[in-house]
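What follows is a set of notes on a single structure, which appears directly below.
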Amino acid sequence: MQEINSVSQVNMYIKHMFARDYALNNISVMGEVSNCKYHSSGHIYFTIKDSASQLSCVMFSSMRTGLDFKMEAGQEVAVQGSISVYERDGKYQLYARKITRYGSGRLYEEYEKMKKRLWKEGLFDADRKKKIPAYAKSIGVVTAPEGAVIHDICNVAGRRNPYVQIYLYPAKVQGEGAEDTIIEGIKYFEKTGIDTIIIGRGGGSIEDLWVFNSERLARTVAACTKPVISAVGHETDVTIADFAADLRAPTPSAAAELAIYSYMDVETALRQTAYSLKWQINNILKIKRLGLEQYNMALRQLSPVDITRQKRLYLADCEDRLSALINQKLLSAKYQLGLYAEKLKGLSPLYKLKNGYSYITDMDGNSIKSAAGIQEGQQLALYMQDGMAEVTVNKTERNCRYGSKEDDT
């Protein structure tokens, strides 16, 4: 029987064949850099290509001392090193010892020229871009049906809002016919009632993503009446379609985040808004009630009935105060009148006559005020309270104990 070898034996045999080939151990290859990645270990993994083929390369960190520029996609370089087999994967690759830069690369130059031309034309202007609907009900996705893009978008949709409908237009995203199917998908969704279109694919080299640098696709995206989100490759990959789209997402998952609103966030916001609205309404009602009470109080104060009642109360109060003042005046006047009456009693001749005093005149009616004017034998008229008497003076005597010498009789 024919001897059966293990996979490791075959890969090791091929590796030894490469190692014995002098040309493969000291070779220089020129090509365009693509899919360049700087690993955290310091190694550089990249691909060089021409119009027909590509070759995987790696430069270990120990060989980077002579590299005087940063490698980027699109650069034209000459790589000197050896070609060998990586036994674990069974793939051959170029192990670079020296890299020399020659130019920016054909595809990169073509990309830059197209971008500048379309930019100058105004195809990427911000005022031409449409706003992404905040509450989309349906999303159209143009991508490969077997890729991870549609699964990532569906996962995000299920997490953020399971009520949003996701529609897939199966398209080729690489190789021959890819440009036509992507354009057909955009035009198909443009005629439907979907709210937003997402075009995209996973990461890859510049050749893998080149279909999204198509001028015809860029013009179709810019002319689409529906909002278009471009989600091509990884965050560092930027294509012409990204510039033409209404919104560029760094990844397909991010595109879903941007296109699909969070049901829980909206529900929470509505609940908070309802609470805030209820609080504001209650606060407004409270303020209006206070204002209404103030208006009622003002109306009561301005009411004719209330005014009349207040005036009546005021008049009654005035009447009471006036009566009190009049009574006070009367009492004061009575008291003063009593004082005057007492004074009049002291001055009244009748009051003195009543108390035993008499009024004396001569017969001619002249008042006798002093004993000096009286003579013995003179007739006098003596007036008392209840009458008068005519008397004859028998004797006069002055200096009586009841008066002075001039006034006593």
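For the stretch 322-356, how many residues are of a type in the set (S, T, N, Q) and surrounded by fewer than 10 Cβ atoms within 10 Å (Cβ to Cβ)? Spell out the reasoning first.
If we filter the stretch 322-356 for residues that are of a type in the set (S, T, N, Q), which is where we start, we get 323, 327-328, 332, 336, 348, 355.
Cutting the leftovers down to surrounded by fewer than 10 Cβ atoms within 10 Å (Cβ to Cβ) gives us 355.
So the answer is 1.
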In the set Ala259, Ala274, the lone residue that is touching a residue at least 60 places away in the same chain (Cβ under 8 Å) and farther than 19 Å from Leu123 by Cβ is Ala259
Return the residues of the stretch 26-46 that are touching a helix residue (DSSP H, G or I) at 6+ places or on another chain (Cβ under 7 Å) and not in a strand (DSSP E or B); say none if nothing qualifies.
Ser41, Gly42, His43
When every residue in the stretch 114-149 that is in contact (Cβ under 8 Å) with a residue 24 or more places away in the chain and assigned to a helix (DSSP H, G or I) is compared, the one nearest to the chain's Cα centre (by Cα) is Arg128
Any idea which of (1) surrounded by 18 or more Cβ atoms within 10 Å (Cβ to Cβ); (2) out of contact with any Cys (no Cβ under 7 Å at 6 or more places or on another chain); (3) part of a loop (DSSP other than H, G, I, E, B) is the one Gly81 doesn't satisfy?
(3)
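For the structure I just gave you, tell me whether Gly140 is touching a helix residue (DSSP H, G or I) at 6+ places or on another chain (Cβ under 8 Å), small (Gly, Ala, Ser) and under 30 Å from Asp265 (Cβ atoms).
On the way: touching a helix residue (DSSP H, G or I) at 6+ places or on another chain (Cβ under 8 Å): yes; small (Gly, Ala, Ser): yes; under 30 Å from Asp265 (Cβ atoms): yes.
Yes.
Counting just the residues of the stretch 184-227 that are part of a strand (DSSP E or B) and in contact (Cβ under 8 Å) with a residue 60 or more places away in the chain, which one comes out surrounded by the most Cβ atoms within 10 Å (Cβ to Cβ)?
Initial filter on the stretch 184-227 (part of a strand (DSSP E or B)): 196-201.
Still in the list and also in contact (Cβ under 8 Å) with a residue 60 or more places away in the chain: 196, 198.
Numbers: Thr196: 25, Ile198: 28.
Going through the qualifying residues, I end up with Ile198.
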Using the structure shown, decide if Ala298 is assigned to a helix (DSSP H, G or I), free of Cβ contacts under 8 Å to residues at least 60 places away in the same chain, small (Gly, Ala, Ser) and in the same structural domain as Val156 (by TED's automatic domain parsing).
no
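Among the residues of the stretch 383-409, write down those that are of a type in the set (A, V, I, L, M, F, W, C), closer than 20 Å to Ser348 by Cβ and modelled with pLDDT under 85.
If the condition is that a residue be of a type in the set (A, V, I, L, M, F, W, C), closer than 20 Å to Ser348 by Cβ and modelled with pLDDT under 85, then Met384 is the only one that fits.
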Output yes when any residue across the stretch 358-380 is modelled with pLDDT of 85 or more, in a helix (DSSP H, G or I) and of a type in the set (S, T, N, Q), and no when none is.
no
Taking the stretch 65-88, which residues are free of Cβ contacts under 8 Å to residues at least 24 places away in the same chain and touching a strand residue (DSSP E or B) at 6+ places or on another chain (Cβ under 7 Å)?
Tyr86
Just to be sure I understand the filter: pairs with C-beta atoms under 7 Å, separated by 6 or more residues or on different chains, first member in the stretch 347-374 and farther than 23 Å from Glu397 by Cβ, second member exposed (fewer than 14 other Cβ atoms within 10 Å of the Cβ). Which pairs pass?
Tyr351/Lys345; Leu353/Met384
Could you grab me the full set of residues in the stretch 182-195 that are at pLDDT 95 or above and either among the polar types (S, T, N, Q) or on the phi > 0 side of the Ramachandran plot (or both)?
none
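Any idea which of Glu176, Glu110 is assigned to a helix (DSSP H, G or I), exposed (fewer than 14 other Cβ atoms within 10 Å of the Cβ) and over 40 Å from the mean Cα position of the chain (by Cα)? Write out each step before concluding.
On the way: Glu176 fails: assigned to a helix (DSSP H, G or I).
One residue alone meets the criteria, Glu110.
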For the structure I just gave you, tell me whether Asp317 is in a helix (DSSP H, G or I), outside the structural domain of Cys224 (by TED's automatic domain parsing), surrounded by 12 or more Cβ atoms within 10 Å (Cβ to Cβ) and not small (Gly, Ala, Ser).
no
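The values are calculated or read from the model by the stated rules, or taken from the named source; none is laboratory data. These numbers were taken from a predicted model, which means no experiment stands behind them. Ideal geometry is used to build each Cβ from the backbone, glycine not excepted, and the neighbour counts take in all protein chains shown.
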